[in-house]
């Protein structure tokens, strides 16, 4: 059964929003449960080993899957965005399937998800051209700049964990905003006007 474009966009929004929100909640839960966890002194991926591994790794794999689902349903909206979202989703899944103890595979998947998540909002600015898309692109730029500084070890006094969050948090924020926007925008046409 072929779904219409509005329904596909709404499904993309639900998948995107749900994936990001569940990941944030389970990441925070893992931080609480991880013994002596430090936001500035620990990597986010430290949550993927030890007692919190099952929470973090399952959550980030779900995030990756839902990003790919969102990319599939948004494919008619923007082909370049589809490619970037699929790569970001693969990166997120790889982070969970190959924890930091695996070395190079984990680093490659981390870089993939960090980079793709930070550049994805640029495709939204080109396509949507509204204030929200500009704000999402600004968040992506913050993540991209943080990634550029993070690679050579420039942490600006935030610690390696804090600087890593300056990559990840802006991308999670634009993801929540974009997912919510998709659901709202493509639900409007199906809402009956009040009498």
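Listing for the model above:
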| read-out | value |
| --- | --- |
| Net lengthening on full extension, residue 25/residue 101 (0.36 nm per residue, minus Cα-Cα) | 25.0 nm |
| Efficiency of FRET between residue 149 and residue 75 - r from beta-carbon atoms, R0 35 angstrom, step 0.05 | 0.55 |
| Label-point separation in nm, residue 134 to residue 18, each point 7 Å along Cα→Cβ | 3.4 nm |
| Pair residue 169, residue 54: separation of 7 Å Cα→Cβ label points (nm) | 3.0 nm |
| Correct choice for Cα extents along the principal axes in Å that was computed from the model, options [x] 56, 33, 30; [y] 51, 36, 35; [z] 41, 38, 33 | [x] |
| Angle in degrees between helix 104-128 and the longest Cα principal axis of the chain, rounded to the nearest 10 | 30 degrees |
| Inter-label distance, nm, simple model (7 Å from Cα along the C-beta direction), residue 160/residue 83 | 3.3 nm |
| Residue-averaged 222 nm ellipticity for the chain, from DSSP H runs of 4+ at -39500 (n - 2.57), nearest 500 | -25500 deg cm²/dmol |
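Every read-out reported here was derived from the displayed coordinates using simple, explicitly stated rules and does not represent laboratory data. Keep in mind that what you see is a predicted model, and the values were worked out from it rather than measured. Heads up, the Cβs are rebuilt from the backbone with ideal geometry, glycines too, and the neighbour counts pull from every protein chain shown.
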